[in-house]
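The values are calculated or read from the model by the stated rules, or taken from the named source; none is laboratory data. If you're wondering where the values come from, they're calculated on a predicted model, not measured in any experiment. Glycine also receives a Cβ, built like all others from the backbone with ideal geometry; neighbour counts cover every protein chain displayed. Ligands, DNA and RNA are stripped out before the accessible areas are found, and what is left, the full protein with its side chains, is counted by its heavy atoms. Shrake-Rupley method; radii C 1.70, N 1.55, O 1.52, S 1.80 Å.
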Amino acid sequence: MIAFEGREDLLTQLQSQLKNNELSGITGVRGMGGIGKTELVLQYAISCFNQQLYPGGVCWLRARDQEIATQIISFAKANLGIKPPDKLETKEKVKFIWQRWPEGDSLVIVDDVTDYAAIDPYLPPASQKFKILITTRINLGSSVTQIEIEKLTDQAAIKVLKAIVGKDRIESQLTSVKTLCQKVGNLPLGLELLGRFLARKLDWSVQKLIERLESKKLEAKALIETESGMTARLGIAAALELSWVELNDAEQKLACLLGMFSVAPISWHLVEMSLSKKDTDCLEELRDEGLIDNSLLKRVGQGTYQLHQIIQEFFRIKLNERTDKGESLKKTYCKVMIGFTKDISDIPTIDEIDELKKTIPHLEEMINHWISYLADEDLIWAFEGIGRFYEGQGDFSLSLFWRRKGVNQTQKKLSAKNPDYLRSLRHLGLFYLKLGNDKEAQPLLEKVFEEIKDSEEEGVLGIRLRNDLGALYFRQERFSKAESFYNKALELSQKSLFKENSDIASILNNLAKIHEKKGLSEKAKSLYDEALNLEEIGDFNFAQILDNLGNHYNMKKQYREAEPYFEKSLKIRKSTLGEKHLKVAESLSNTADNYFFQGRFQEAAKLFKQSAAIYEELFDCEYHKTVEVKKSLEICDLAIRFWLIRLIIKLRLCF
């Protein structure tokens, strides 16, 4: 018998439900195979017997693949001495028994019901005397009060293993034990099977068992063989197979598709897009009446559904068992998922980030498990899209991880001169450039440029690379070289059949900064104005140009004229990128500088603090921008103190 951890509250809930259920007298305990429905009801029955809560007796019946009427008749003869006349039909015999059942409250348990209509004619009549308890994987409908049974909590799962394997052995390997519990999604049957296996294998470490599970999945011996003394009679895969055979072909196809997703919540529109040939109403029926009603899928929110980890693995086995090995489903799934990455902006807005949060786990799952079914031309977007998402959230380490992985994958699958491989190198180099890491950015960007310059592949990639390299050389104060790259990029972009105003705006903005450095203030201003007058340049470019215009007026000591440009840029960036973005920190610092030059020291200090906090959160206190802003804050604090001292002196002189 499995250690009964984490279910104590359910026993109380079950007792309360049975006591208060006046509508039909029937209570259902529902959940997926292996979740512990039978064990819960068994523990309840034992508790009731010990407390003598049902003086009329407890009758246990098994519904799956067994004749329930025969069980009732046999139970009555053997335990109650009730022998219905042989001349009666089966239904009449059962009715005869219920009518002569002993006085007092009685509990009738029907375990593992697969078809309610098949047992309904044989259940006791509605009466205060009979309490009926049913375990099932299916939805019994609104006429039966049902209790949903969930997986165990992490703490309860570990307690189960301690009870079976031994406290000392489990606590000495606690990190690995937590991973082991995750492998079976805290499913009670899985935990009991694994615990009993470890109890037999005294020389096995938990890590060794984890490695075996990773290689064998649901076919691992530890998840197949049950033992005497267990409530469950089947291993996990065999238990789930009982639900699988209840599904029709269309429901099974839907299940196979769902198995490709991550175990994270799934937005239903992703499924609809992957099975676009199916009518949406028909697809919902397959979902609700097939998978949800058989406890194979769970609704977790509006338009959102989720698989248990074990069910996901089971569905994947079934996917690979399809006639075509699930090839068409896999390719369709990948095509749909990659469509989302192509629409992610270079600098994603907070609205884009919010929309993508539910999709990203499934994109990552696609890369980790199904990338071989992705078309070559789509490969680069899988990694770049996820990289942009994490960059937009300020998680630069994860963004770097996915971009590096993208370079490795494209290099492995494509040729060294393939445009998509070169684009992946450029994306990685540009990311380093944004972070101010010129040491890593320069060799990548220069390598790609050498490969594509003056070639047929140059096109838009060549224009953008020249702009990137111009920005790199500008930061290195190699202004003449930066200017030549910007000028060539502008010339090519204006000639290009595929010219993008956002590219032109960025180049004009960068050229204007060069002219600022050369002291050509009016020429710089005209370039800024030209960039702003272009249509559809995007919020990111618009805010950047405003910021630079503010700096333009600051340099001319026209601080009041500069102020609205900084403030408008800050407002745009906050509204589109969120409160804790790298570019917001930049705008805060620039606006603070402007306030400082105007002598508005307290306002400046407030913004410097906010900017420093963002830089420190995104990077650390050693990051060069963090250090710069903190120095500005110190100077601002000194100015405030000096101003206060002067004010005090003036006041004293007045008196």
Rounded to the nearest Å, what's the spacing between the alpha carbon centres of region 186-220 and region 500-515? Just the number, please. 60 Å
In degrees rounded to 10, the 0-90 angle between helix 379-392 Cα long axis and the longest Cα principal axis of the chain is 80 degrees
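With every protein chain left in place, what is the accessible area per residue of the chain in square angstrom, probe 1.4 Å?
Numbers: 31950 Å² over 655 residues.
Accessible area per residue, the chain: 49 Å².
How high is the relative contact order of the chain, in percent, with contacts defined as C-alpha pairs under 8 Å that are six or more residues apart? Numbers along the way, then the final one.
Details: 874 pairs, mean separation 50.4, N = 655.
In percent, rounded to a whole number, it is 8.
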When all protein chains stay in place, what accessible area (Å², nearest 10, 1.4 Å probe) is found for T591? 0 Å²
Computed accessible area, L472, all protein chains, 1.4 angstrom probe, square angstrom: 0 Å²
Given 0.36 nm per residue, what is the gain on full extension from D288 to T90 after removing their alpha carbon distance, in nm? 67.8 nm
In square angstrom, rounded to the nearest 10, how much accessible surface does C621 have for a 1.4 Å probe? 60 Å²
Need the list of aspartates and glutamates near K87 for cross-linking: C-alpha distance under 20 angstrom, and skip anything on the same chain fewer than eight residues off. E67
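At a 1.4 Å probe radius, carbon and sulfur cover how many percent of the accessible area of the chain? Working shown, then result.
Numbers: 15730 of 31950 Å².
Carbon and sulfur together cover 49 percent of it.
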At R0 = 56 Å the Cβ-Cβ FRET efficiency linking F642 and K453, nearest 0.05, sits at 0.55
If one takes the longest principal axis of the Cα atoms in the chain, at what angle in degrees, from 0 to 90 and to the nearest 10, does the Cα axis of helix 521-532 lie? 30 degrees
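What FRET efficiency, computed as 1/(1 + (r/R0)^6) with R0 = 25 Å and r the Cβ-Cβ distance, is obtained for K481 and E530, rounded to the nearest 0.05? It would help to have the intermediate numbers written out before the result.
Numbers: r = 23 Å, r/R0 = 0.92.
The pair K481/E530 has a calculated efficiency of 0.60.
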Estimated vicinal HN-Hα couplings, Hz - region 136-144 in sequence order (Karplus 6.51, -1.76, 1.60; Gly, Pro = x): 7, 9, 9, 7, 7, x, 6, 6, 10
Among [x] 90, 40, 20; [y] 67, 30, 23; [z] 37, 30, 29, the value of semi-axes √(5λ) of the Cα gyration tensor in Å computed for this structure carries the label [y]
Need the C-alpha centroid separation for region 339-381 versus region 62-83, integer Å. 57 Å
In degrees, nearest 10, range 0 to 90: what is the angle between the Cα axis of helix 309-320 and the longest Cα principal axis of the chain? 90 degrees
Anchor K221: lysines whose Cα lies under 21 Å away (excluding residues fewer than 8 positions away in-chain): K162, K178, K183, K201, K208, K318
